[in-house]
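Q: Here it is, the structure, as structure tokens.
Every read-out reported here was derived from the displayed coordinates using simple, explicitly stated rules and does not represent laboratory data. These figures come from a predicted structure and were not determined experimentally. Methodologically, a virtual Cβ is constructed for each residue, glycine included, from the backbone with ideal geometry; neighbour enumeration extends over all protein chains shown.
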Amino acid sequence: MNGNAGSVTDLARRIIPCLDVRDGKVVKGVKFREHRIVGDIVDLSMRYRDQGADELVLYDITASPEARMVDVSWVERIARVIDIPFCVAGGIRSVEAARRVLNSGADKISINSPAIENPALIGELAKQFGSQCVVVGIDSLQLDGDYFVKKLTGDPDKTQDAGLGTLEWVRRVQELGAGEIVLNCMNQDGVRRGYDVQQLRLVREVCRVPLIASGGAGAPEHFASVFAEAQVDGALAASVFHEAMIAIPDLKQYLRQQNIAVRP
Amino acid sequence: MAANQLSVAIINSGGANINSVVFALERLGIEPVFTADRDQIRHASHVVLPGVGSAAAAMDQLQQSGLVELIPDLTQPVIGICLGMQLLFESSAEGDVPCLGIIPARIEALPVEAGLTIPHMGWNRNALVNQHAILSDIEDGFYAYFVHSYAAPMGPWTVARSRHGREFSSIVSHRNFVGIQFHPERSATVGQQLLSNFLRLQSEVGV
């Protein structure tokens with residue numbers, strides 16, 4: 001598919017650092033818990049841009065569980081300085097809220113729990129802003145060989161079953177107008193043992209819009225295998241970048257050696 | 001002309017997220033005006049036609065502002081970005097609408113094929129096709145950030161091309177008009193260079 005020999009596209013695979021934001025600071029927890037501050041939003045955004053990140057996801061992890069809207073002032077601060085695409089997630093539960101974030105300069109908005117609670121919101125956002133702006137984030141938990149959607153994952157005490165199978169939800173959100181899907185495999189999140197290639201491969205089969213892998217990145221080989229084996233469009237990671245375990249230029253050089261198309 | 005002597009008008013064609021284009025120009029030392037005012041657009045040194053949303057909605061907005069007749073007659077450098085580039089063409093298959101008719105071709109949907117994601121979203125490689133001042137210091141094979149499902153065919157107007165399912169024009173030019181299918185404001189250093197090159201283009205009159 002993308003970028004390999006004989007393909008009909010030269011689209012590069014995307015490397016996407018994810019910055020979890022709490023109270024205006026970038027934080028990271030293990031398995032969604034024990035959050036600690038890792039840096040300033042604008043500084044980190046620019047550092048990743050300079051290192052060759054293809055896109056950024058900025059996720060306000062406090063927003064959704066506490067039922068408040070993402071504070072848009074930091075969105076505009078980033079939009080003023082950054083010249084790569086970025087997506088804002090967290091607490092966007094209305095067309096008006098999405099409009100504020102997009103008008104502040106974000107390229108895309110990502111919705112997760114509000115889409116589960118009100119699936120029609122996906123279609124309303126797609127109609128207003130176009131599918132290309134509308135990313136649906138899915139937190140998926142593997143249980144006895146099956147995959148289930150969880151909601152309100154920003155706060156472990158409020159996390160609940162969404163009552164949906166992951167593949168069923170992936171199909172449904174595309175019908176409703178999602179332009180991209182970020183699949184976060186919760187069993188892998190924060191533990192750095194690799195992406196859930198098996199699950200992502202299953203999701204890829206039913207996903208015609210761009211698919212972004214999330215959860216589990218710990219080594220350059222993990223990126224290579226998720227691109228080569230699950231054919232995802234992008235790979236998202238946080239701690240390996242924030243803690244400088246993997247430098248993006250080195251990662252891209254490695255991926256090029258593996259014949260995976262990446263932007264220089 | 002120094003950056004501070006330029007007067008850049010960004011045409012209000014509806015849609016959200018105009019700020020990313022505004023901020024990109026501000027990083028180049030420009031303070032653009034965002035307007036649908038005919039006189040302001042006519043007297044600007046450079047005109048930007050952005051576009052987010054659908055071709056039909058944007059054409060409707062331009063019609064209401066009385067700009068459909070004005071834009072093709074502009075003589076200063078004009079750049080259409082993303083949907084704004086598609087509007088420079090004769091018509092679009094997206095909603096089957098007539099567009100501004102500056103470039104004689106039709107915008108068609110990218111092919112839906114197994115293994116190809118639609119929308120075409122992400123960084124794709126571009127090949128240089130024809131010489132143009134917009135390409136100053138731009139290297140063959142450059143990567144740029146695309147987000148679209150419809151695209152312009154190849155033709156004499158093609159300045160650069162890319163491919164996703166089929167080859168398509170990623171940069172076009174015709175007279176004083178330039179169109180860019182990808183988002184220069186989101187294409188890192190390459191995008192900044194292209195916008196800077198655009199600001200150095202001169203009006204047709206007096207060249």
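Q: Could you derive backbone 3J(HN,Hα) for the stretch B:151-163 from the dihedral phi with the Karplus parameters 6.51, -1.76 and 1.60 (θ = phi - 60°), listing whole Hz in sequence and x where the residue is Gly or Pro?
A: Ordered by residue, 3J(HN,Hα) equals 8, 8, x, 6, x, x, 7, 6, 9, 9, 10, 9, 8 Hz.
Q: Through the Karplus equation 6.51 cos²θ - 1.76 cosθ + 1.60, θ set to phi - 60°, convert the phi angles of the stretch B:76-84 into ³J(HN,Hα) values in whole Hz; use x for Gly and Pro.
A: Running phi through 6.51 cos²θ - 1.76 cosθ + 1.60 with θ = phi - 60° gives 7, x, 10, 10, x, 10, 6, 4, x Hz.
Q: Please state the charge dipole magnitude for the stretch A:14-257, taken about the Cα centre, from unit charges on C-beta atoms (+1 on K and R, -1 on D and E), reported in debye and rounded to the nearest 20.
A: Computed about the Cα centre, the dipole is about 220 debye.
Q: Continuing with the same structure: Per DSSP H run of at least 4 residues, take -39500 (n - 2.57); add these up for chain A, divide by its residues and hand me the 222 nm value, nearest 500 deg cm²/dmol.
A: -9500 deg cm²/dmol
Q: Report, in deg cm²/dmol and to the nearest 500, the calculated mean residue ellipticity at 222 nm for chain B, where each DSSP H run with n ≥ 4 adds -39500 (n - 2.57) and the sum is divided by the residue count.
A: Value at 222 nm, helices only: -6000 deg cm²/dmol.
Q: Here is a further query. Among the helices of chain A (complete DSSP H runs), which have Cα atoms covering no less than 30 Å along the helix axis and a Kyte-Doolittle mean of at least 1.0?
A: none
Q: Then there's this: How far is the Cα center of the stretch A:208-248 from the Cα center of the stretch B:68-91, in Å?
A: Centre-to-centre distance over Cα atoms comes out at 39 Å.
Q: May I pose another question? Sort B:VAL68, A:VAL209, A:VAL203, A:VAL88 by Cβ crowding within 10 Å, fewest neighbours at the top.
A: Starting with the residue having the fewest Cβ neighbours, the order is B:VAL68, A:VAL209, A:VAL203, A:VAL88.
Q: A further question follows. To the nearest 20 Debye, how big is the dipole of the stretch B:3-200 about its Cα centre, given +1 on the beta carbon of each Lys and Arg and -1 on that of each Asp and Glu?
A: Magnitude of the dipole: close to 300 debye.
Q: Hey, what D do you get for the protein assembly as shown in µm²/s if you plug the Kirkwood alpha-carbon radius into Stokes-Einstein at 10 °C and 1.306 mPa s?
A: Once the numbers are plugged in, D ends up at 71 µm²/s.
Q: B:PHE182's amide H: which non-local residues (gap 5+, or another chain) put their own amide H closer than 5 Å, with H modeled 1.01 Å from N in plane and none for Pro or chain starts?
A: B:CYS82
Q: Here is a follow-up. Check each of the trypsin sites (Lys or Arg not before Pro) in the stretch B:82-185 and keep only those in coil by DSSP with at most 15 other C-beta atoms within 10 angstrom; list them in order.
A: B:ARG175
Q: Which cross-chain or sequence-distant (5 or more) residues have an amide H under 5 Å from the amide H of B:SER92, H modelled 1.01 Å from N in plane?
A: Under 5 Å from the amide H of B:SER92: B:VAL97, B:CYS99, B:ILE107.
Q: Taking a quarter of the surface of the Cα convex hull of chain A, what do you get in nm²?
A: Over all viewing directions, chain A projects a mean Cα-hull area of 12.5 nm².
Q: Farthest toward the dipole's positive end in the stretch A:14-257, which of A:ALA89, A:ALA217, A:LEU141, given Cβ charges of +1 (Lys, Arg) and -1 (Asp, Glu) about the Cα centre?
A: Working it through, the farthest residue towards the positive pole turns out to be A:ALA89.
Q: Which of the residue pairs A:LYS28/A:LYS151; A:LYS28/A:LYS108; A:LYS151/A:LYS252; A:LYS25/A:LYS127; A:LYS127/A:LYS252 have a Cα-Cα distance greater than 26 Å in the structure shown?
A: A:LYS151/A:LYS252; A:LYS25/A:LYS127; A:LYS127/A:LYS252
Q: With Cβ to Cβ distances under 12 Å as the rule, what net charge do the other residues near A:GLU229 carry (K, R +1; D, E -1)?
A: 0
Q: First select every other residue whose beta carbon is under 11 angstrom from the beta carbon of B:SER187; then total the charges, Lys and Arg +1, Asp and Glu -1.
A: Counting the neighbours of B:SER187, the net charge comes to -1.
Q: Take A:SER94, A:SER45 and order them by how many other Cβ atoms sit within 10 Å, fewest up front.
A: Ranking A:SER94, A:SER45 by Cβ neighbours within 10 Å, fewest first, gives A:SER94, A:SER45.
Q: Through the Karplus equation 6.51 cos²θ - 1.76 cosθ + 1.60, θ set to phi - 60°, convert the phi angles of the stretch B:122-132 into ³J(HN,Hα) values in whole Hz; use x for Gly and Pro.
A: x, 8, 10, 7, 10, 10, 7, 10, 10, 5, 6
Q: Here's another thing I want to ask about it. With a 10 Å Cβ neighbour count serving as the proxy for reagent exposure, in which order, fewest first, do A:ARG256, A:ARG263, A:ARG80 appear?
A: A:ARG256, A:ARG80, A:ARG263
Q: Pull up all non-local amide H partners of B:TYR150: gap of 5 or more, or a different chain, and H-to-H distance under 5 Å with H placed in the peptide plane.
A: For B:TYR150, the qualifying residues are B:LEU110.
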